[in-house]
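The values are calculated or read from the model by the stated rules, or taken from the named source; none is laboratory data. Since we're looking at a predicted model, the values are computed, not measured. Methodologically, a virtual Cβ is constructed for each residue, glycine included, from the backbone with ideal geometry; neighbour enumeration extends over all protein chains shown.
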Amino acid sequence: MANILDYIKWRGDITFEQSKFNEVDSVIMARLSYFDFDGVFKKYDEEITVEEAYKRYSKLPDRDVLWKEDVKLFPAMAESERFKDILVTRYTKKTDVSIEEQFSAVTCIMPDRSLLVSYRGTDMTVNGWKEDFNMSFMDILPGHLDSIRYLEEISKIYPRKPIVLLGHSKGGNYAFYAAAFCNDKINDRITAVYNDDGPGLSEKAAATDEYKRVVDKMHSFVPQTSIIGRLLAHEEAYSVVQSNEKGIMQHDVYSWEVDRNNLVHLEEVDDGSVFVDETVRDYIKESSPEEREKLLNVVFKMIKGLDMVKISDFKADWINHTKTLAKEYQALDKDSKAIIDRTVKSLVKIAGSNAYKNVNKKVNKTHESINKALDKTRKNIEENLKKLNEVRLEKEKILKQKRDQIKLASKNK
């Protein structure tokens with residue numbers, strides 16, 4: 001099936017003046033923030049087109065990309081009439097291991113001069129992943145505060161312009177947070193907020209008036225077996241989209257299927273997504289923020305022992321890294337081991353309970369389906385018998401009329 005790259009091939013010659021910004025465009029623009037623009041801009045406030053940005057980017061030494069299809073996306077955008085003249089500016093990137101922050105954003109000026117702020121999601125660094133997990137026990141991350149600061153900066157530089165916020169994964173979470181907790185003047189300028197399979201906000205944040213005032217502008221897209229996009233609190237409208245991948249790999253937006261200028265939508269997420277969501281939510285209910293913080297500190301202490309910068313480094317030497325992890329675990333103190341053991345037992349128990357519930361649900365659904373089918377069959381049989389009886393009575397009536405006519409004719413003779 002077609003994806004966002006095919007969309008650019010099909011619709012790349014159609015400008016935004018001819019066909020307005022749509023949900024597929026939002027996914028593409030969220031993806032733009034993942035490109036490493038270091039060295040592309042001559043100065044921070046320089047405004048250059050997507051076409052020019054790619055020309056400069058392509059002359060720089062090869063950059064790592066998160067997904068292999070990223071290599072195709074940037075040039076496709078630069079060569080298309082639809083995207084090439086969009087202005088890109090004020091790229092920012094911040095990585096601070098001391099506070100466990102990985103933040104990046106870029107601003108795009110659309111042909112109608114409206115603004116689009118694209119927040120980057122998680123990169124492959126250990127630091128970036130640690131920040132993601134911190135959401136399980138922290139209401140506010142350093143990246144949340146920077147997402148607001150960045151939005152405030154852009155809104156001052158470009159006053160009165162309509163603003164769209166968007167992001168994929170953690171970037172979508174940042175977009176939601178910035179939209180909810182920016183000041184009223186900026187909030188009034190926000191026309192839409194898009195979150196592509198990203199976590200929601202904490203229960204505390206989602207219960208605030210600030211969140212509620214903007215929730216109608218928010219929209220999430222999640223694949224049918226979404227895991228990440230179902231985490232934390234989601235009160236906004238969401239759409240389930242068809243992915244041609246399995247499990248966690250559905251987080252890859254290049255696997256999302258496209259039909260003309262729309263994503264391919266489904267009615268609901270599948271049982272796998274529901275199971276993971278229920279298990280994570282139950283674990284969070286049963287554990288305290290302090291317990292989750294201790295667990296993550298222990299786990300990432302072990303990971304630091306691997307001396308990895310990127311999570312992807314594990315795959316490159318997974319045998320030795322696995323051995324090192326085992327040694328790191330053995331070297332933990334008694335309390336640290338107990339934290340891990342308790343968590344594993346708790347997750348196994350919760351997962352087992354939810355699996356049992358889900359099996360019962362499926363059995364009950366099967367019973368319901370069978371009963372409905374049987375009930376429908378019974379009604380059909382009853383209706384058919386009723387019709388047959390009506391036909392029989394009608395025939396008997398006709399026969400009686402004929403007999404009466406014969407008797408009458410005999411008497412007249």
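Side notes on the structure shown:
- Residue match in region 196-203 (condition: at negative phi, hydroxyl-bearing (S, T, Y), out of contact with any helix residue (DSSP H, G or I) (no Cβ under 9 Å at 6 or more places or on another chain) and buried (at least 18 other Cβ atoms within 10 Å of the Cβ)): yes
- Filtered by the rule that a residue be more than 18 Å from I339 (Cβ to Cβ) and touching a residue at least 40 places away in the same chain (Cβ under 8 Å), region 281-302 gives a lone residue, D282.
- Taken together, H168, H144 contain a single residue that is touching an Asp or Glu at 6+ places or on another chain (Cβ under 6 Å) and either surrounded by fewer than 19 Cβ atoms within 10 Å (Cβ to Cβ) or not hydroxyl-bearing (S, T, Y) (or both), which is H168.
- From the options S104, S147, residue that is in a strand (DSSP E or B) and either in contact (Cβ under 8 Å) with a residue 12 or more places away in the chain or at positive phi (or both): S104
- From K55, K93, K59, K72, residue being closer than 22 Å to I311 by Cα, of a type outside the set (F, W, Y) and either surrounded by fewer than 19 Cβ atoms within 10 Å (Cβ to Cβ) or touching a Leu at 6+ places or on another chain (Cβ under 9 Å) (or both): K93
- Any chance S288 is surrounded by 13 or more Cβ atoms within 10 Å (Cβ to Cβ) and polar (S, T, N, Q): no
- Close contacts from region 346-361, counting a first residue that is over 17 Å from D270 (Cβ atoms) and a second that is of a type outside the set (F, W, Y) and outside any helix (DSSP H, G or I), with Cβ to Cβ under 8 Å and a gap of 6+ residues or different chains, come to S346/S287.
- Qualifying residues in region 243-278 (those that are over 23 Å from K217 (Cα atoms) and assigned to a loop (DSSP other than H, G, I, E, B)) - the one nearest to the chain's Cα centre (by Cα): D252
- When V309, V253 are screened for being β-branched (V, I, T) and surrounded by 13 or more Cβ atoms within 10 Å (Cβ to Cβ), only V253 passes.
- Only one of A206, A178 that is touching a residue at least 24 places away in the same chain (Cβ under 8 Å), touching an Asp or Glu at 6+ places or on another chain (Cβ under 7 Å) and surrounded by 17 or more Cβ atoms within 10 Å (Cβ to Cβ): A206
- Among the candidates D139, D132, D123, D112, the residue that is in contact (Cβ under 8 Å) with a residue 12 or more places away in the chain, out of contact with any Pro (no Cβ under 6 Å at 6 or more places or on another chain), closer than 19 Å to D64 by Cβ and assigned to a loop (DSSP other than H, G, I, E, B) is uniquely D123.
- Evaluation of P159 against the conditions (1) more than 28 Å from D271 (Cα to Cα); (2) in contact (Cβ under 8 Å) with a residue 12 or more places away in the chain shows that the sole unmet condition is (2).
- Sole residue being under 29 Å from R160 (Cα atoms), buried (at least 20 other Cβ atoms within 10 Å of the Cβ), among the aliphatic types (A, V, I, L, M) and out of contact with any helix residue (DSSP H, G or I) (no Cβ under 7 Å at 6 or more places or on another chain), chosen from M29, M77: M29
- Meets criteria (over 20 Å from the mean Cα position of the chain (by Cα) and under 27 Å from L263 (Cβ atoms)) for P199: no
One line per residue, one yes/no per condition, for (1) closer than 30 Å to G272 by Cα; (2) exposed (fewer than 11 other Cβ atoms within 10 Å of the Cβ):
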residue: E328; (1), (2): no, no
residue: L332; (1), (2): no, no
residue: I340; (1), (2): yes, no
residue: S369; (1), (2): yes, yes
residue: R378; (1), (2): no, yes
residue: L385; (1), (2): no, yes
residue: N389; (1), (2): no, yes
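- Index of the failed condition, K68 passing every other in (1) at pLDDT 95 or above; (2) out of contact with any Phe, Trp or Tyr (no Cβ under 8 Å at 6 or more places or on another chain): (1)
- Selection count, region 319-366, where residues are in a helix (DSSP H, G or I), touching a helix residue (DSSP H, G or I) at 6+ places or on another chain (Cβ under 8 Å) and aliphatic (A, V, I, L, M): 7
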